[in-house]
Amino acid sequence: MATGDPAAGARRVVLDAYGPPEVLAPRDTDVPQVSAGEVLVRVAAAGVNVVDLYQRSGVYPVSLPFTPGIEGSGTVLRVGADVDGVAVGDRVAWMGQPGAYATHCLVPATRLVPVPDGMSLTDAAAVLIHGMTAHLLTTDVYPLADGAVCVVHSAAGGVGGLLCQLAARRGATVIGTVSQDDKIPAALAAGAHHVVNYRTTSFPGRVRELTGGRGADVVYDAVGRDTFADGLTCLRPGGTMVLYGQASGAVEPVDPQLLNSYGSLFLTKASLSHYDRTPELTRRRAAAVFDDVLAGRLRVRVHAVLPLTAAAAAHEELASRRTLGKILLVP
């Protein structure tokens, strides 16, 4: 691990072959050289995300050898040619660029967002992707208004907990679901007004009961296969199913006639990259999330902070679906 001069040496987690978490191997390496349009960042924290698990296992193929981690934060050490608006010493965060499981990471300058004064780099890494996703879902994909009813699956999870907070703040009634009873307190603390264990209770029945038979306006589903079909049945006519994850596996193909039979429902699979298509839009949404955190309107929940050498353990913990917030790796 680098000591003394922050650019004197480096370590990164390397994936040489697809497989179980144990294939993730920390390795000493040279500090990468900066090219035009790039900056070298001394990593403070890397976020662990589900996409990292898919890349490690080969579900999402990558070119090997590969260093996972599409989200991180840190301090700029070097700036390449043709980079404007970024200086050595700037505190930054980024997403969508692999390589964050490391002490040093090369990041295209266009992917950087500034971390404001008063926010820790750890919080920035913990809230960037999850916070921006929750913001997108509640403001753009299905804009929640006062009086709306939403179902939030994985309400105690990383995105789900932030979704509950933002939805409640917009005046919506939040019906959260969890997979274990011991997650119910965390979902309630995140802002859910009602919480159902979808493994032991019929959540569509509970939604109908709570809405007087009307149904929910929107379902935000990160679970996928285990909850998707039932989720369609708890929507009001003209309601919207927003699928943004598949923690339990991919959903089966959907016959459009099924959407019609349940009341002309809308279905979408949402991704940040399709909404924030420019660096300016990304920075704008990141700034909104960071402002909410600094103002106390959004609480960051970190499940665990682990060293790079524990990358395998981090993947095991995330795959277990026991997490209550973000897992971070730190050099």
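Report, in deg cm²/dmol and to the nearest 500, the calculated mean residue ellipticity at 222 nm for the chain, where each DSSP H run with n ≥ 4 adds -39500 (n - 2.57) and the sum is divided by the residue count.
Values: 10 runs with 91 residues, N = 331.
So the calculated ellipticity at 222 nm is -8000 deg cm²/dmol.
Taking the Cα atoms of the range 128-183 alone, what are Rg (to one decimal) and Dmax (as a whole number) in Å?
10.7, 32
Just name one of 44, 110, 187: the one whose Cα is farthest towards the positive end of the charge dipole of the chain (beta-carbon charges, Lys/Arg +1, Asp/Glu -1).
In the chain, that residue is 187.
Per 0.36 nm of contour for each residue apart, how much would the distance between residue 257 and residue 60 grow if the chain were fully extended, relative to their Cα-Cα spacing? Mind dumping the intermediate values first?
Values: separation 197, 0.36 × 197 = 70.92 nm, distance 3.06 nm.
Full extension of this stretch gives 67.9 nm more.
Give me D for the range 146-269 in µm² s⁻¹, whole number, from Stokes-Einstein with Rh from the Kirkwood sum over alpha-carbon pairs, 4 °C and 1.567 mPa s. Before the final figure, lay out the partial values.
On the way: Rh = 14.0 Å.
The estimated diffusion coefficient comes to 92 µm²/s.
Towards the positive end of the charge dipole of the range 7-114, with charges on Cβ (+1 Lys, Arg; -1 Asp, Glu), say which of 97, 69, 81 has the farthest Cα.
69
Rounded to the nearest 20 Debye, what is the dipole magnitude of the range 146-269 about its Cα centre when Lys and Arg each give +1 and Asp and Glu each give -1 at the C-beta? Write out the running numbers ahead of the final one.
Working: 10 positive and 10 negative charges, 44 e Å.
Roughly 220 debye for the range 146-269.
Find how many whole Å separate the alpha carbon centroid of the range 263-331 from the alpha carbon centroid of the range 27-90.
17 Å
Over all directions, how big on average is the projection of the convex hull of the alpha-carbon atoms in the range 1-137, in square nanometres? Write out the running numbers ahead of the final one.
Values: hull surface 35.0 nm².
Across all orientations, the range 1-137 yields a mean hull projection of 8.8 nm².
Nothing charged except the Cβ atoms of Lys and Arg (+1) and of Asp and Glu (-1): what's the magnitude of the dipole of the chain about its Cα centre? Round to the nearest 20 debye.
Values: 28 positive and 30 negative charges, 113 e Å.
Result for the chain is approximately 540 debye, rounded to the nearest 20.
Using the number of other C-beta atoms within 10 angstrom as an exposure proxy, rank 269, 183 with the fewest first. Please list the in-between numbers first.
Numbers: 269 14, 183 24.
Ranked by crowding around the Cβ, least crowded first: 269, 183.
What number do you get for the chain when its Cα radius of gyration is normalised by 2.2 N^0.38 Å, N = residues?
Values: Rg = 20.3 Å, N = 331, 2.2 N^0.38 = 20.0 Å.
Normalised Cα radius of gyration, the chain: 1.02.
Coordinate-derived values only; no laboratory data. Owing to the predicted nature of the structure, the values given are computational and were not obtained by experimental measurement. Quick reminder, even Gly has a Cβ in these numbers, built from the backbone with ideal geometry, and neighbours come from all protein chains shown.
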